[in-house]
Amino acid sequence: MIITIDGPAGSGKSTAARKLAAKLGIAYLDTGAMYRAIAFAALQKGVSLKDEDAILAVAEQSSIEVDCGPTHTRVMLNGHDVSEAIRTMAVNQATNFVARIPRIRQMLVEKQREIGRRLGSLVTEGRDQGSVVFPNADLKFFLDASLEKRALRRYQELTADGEEAPYEMILENLRERDGNDRKQWAPLLEPATAVHIDTTQMTIHEVVERLLDCVSRKNLAK
Ligand code: DC
């Protein structure tokens, strides 16, 4: 069983995907973490973010391993666990440059499909999971929310992790990422068959209940 959850930054898809996977007892894959790991490697190597060939070279020379469980995705970069280190604002910004490089997307799409084949059952979350990576998924969701609500969620996440990040800066960063999501190379696509959920006024509990309801109506739950 493959369930895809796509949506813009801060739509609540990561938390929802993790909780849904835990309820169903199947693996959870955070595909944004894979793009972030390459951005983190590029920052570590000090390559220019405008130099696509240099970023690609870093990606090709790096070993990225993903360990997916029902409650976590842990990312190992060259044998080191970078799951927490990839969550900073600096990595957020660098990832915008990485995610637009077609050959990097191709590499990661292949890796994601391979994980899907190996595990068989998966809740996978990102921008292109239902549209490009798993077009034959059993169930597809698209989560959305207002820009202000998404910025507030990111602000609460970052400050809970102890990072200093002014709300206004996060709002601007999200506005910029929304702009990127509408560009020609943008990965964010809503599949025609996806269940669309606007989470602006919903608690995470309500979102997960809604997802579970759709899963049981499709008779997918074990
Ligand atoms: O969901 P996130 O914020 O962790 O994603 C980090 C970045 O990676 C963001 O710029 C969008 C990009 N991304 C992507 O292009 N395709 C995906 N499947 C997942 C994330």
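A short reminder: the numbers here are calculations on the coordinates, not readings from a lab. Bear in mind that the values here come from a model prediction, so they are computed numbers and not experimental data. Glycine gets a Cβ as well: all are built from the backbone with ideal geometry, and neighbour counts include every protein chain shown.
Quick notes
- From least to most packed, judged by other beta carbons within 10 angstrom and beginning with the fewest, 72, 80 follow the order 80, 72.
- For residue 19, the aspartates and glutamates whose Cα falls under 14 Å of its own Cα, not counting residues fewer than eight places away in the same chain, are 30, 125, 206, 209, 213.
- Label-point gap, in nm, between residue 219 and residue 103 - each point 7 angstrom along Cα→Cβ: 4.7
- When you restrict to C-alpha pairs under 8 Å that are six or more residues apart and normalise by the size of the stretch 131-222, the relative contact order lands at 41 percent.
- With contacts taken as Cα pairs under 8 Å at a separation of at least 6 residues, the chain carries a relative contact order of 32 percent.
- Residue range of the chain that is longest and free of GluC sites (Glu not before Pro) which are both DSSP loop and sparsely packed (at most 15 other C-beta within 10 Å): 1-83
- Placing pseudo-labels 7 Å out from each Cα toward the beta carbon at residue 161 and residue 45 gives an inter-label distance of 2.3 nm.
- Put in order of Cβ neighbour count within 10 Å, fewest first, the listed residues 218, 50, 111, 13 become 50, 218, 111, 13.
- Kirkwood Rh, Cα atoms: Rg over Rh of the stretch 97-161: 1.05
- Pairs of lysine residues in the stretch 126-222 - Cα separation under 27 Å, sequence separation of 8 or more or cross-chain: 5
- Helical runs assigned H by DSSP (4 residues or longer) give the chain a calculated mean residue ellipticity at 222 nm of -15500 deg cm²/dmol, each run adding -39500 (n - 2.57) before division by the residue total.
- Estimated FRET transfer efficiency (residue 23, residue 192; beta-carbon r; R0 22 Å; 0.05): 0.25
- Modelled spin-label separation between residue 76 and residue 205, with each label point placed 7 Å from Cα along the Cα-to-Cβ direction: 3.8 nm.
- Net charge over other residues, Cβ less than 12 angstrom from the Cβ of residue 98 (K, R count +1; D, E count -1): +3
- With Cα atoms as the point set, the radius of gyration and Dmax of the chain evaluate to 16.6, 50 Å.
- Taking a Cβ cut-off of under 15 Å around residue 71, the surrounding Lys, Arg, Asp and Glu residues balance to a net charge of +1, with basic ones at +1 and acidic ones at -1.
- Bridges between two residues of the chain, per DSSP, are antiparallel at a rate of about 30%.
- Per-pair calculated FRET efficiency, R0 = 30 Å: residue 178 and residue 136 via Cβ, rounded to 0.05: 0.60
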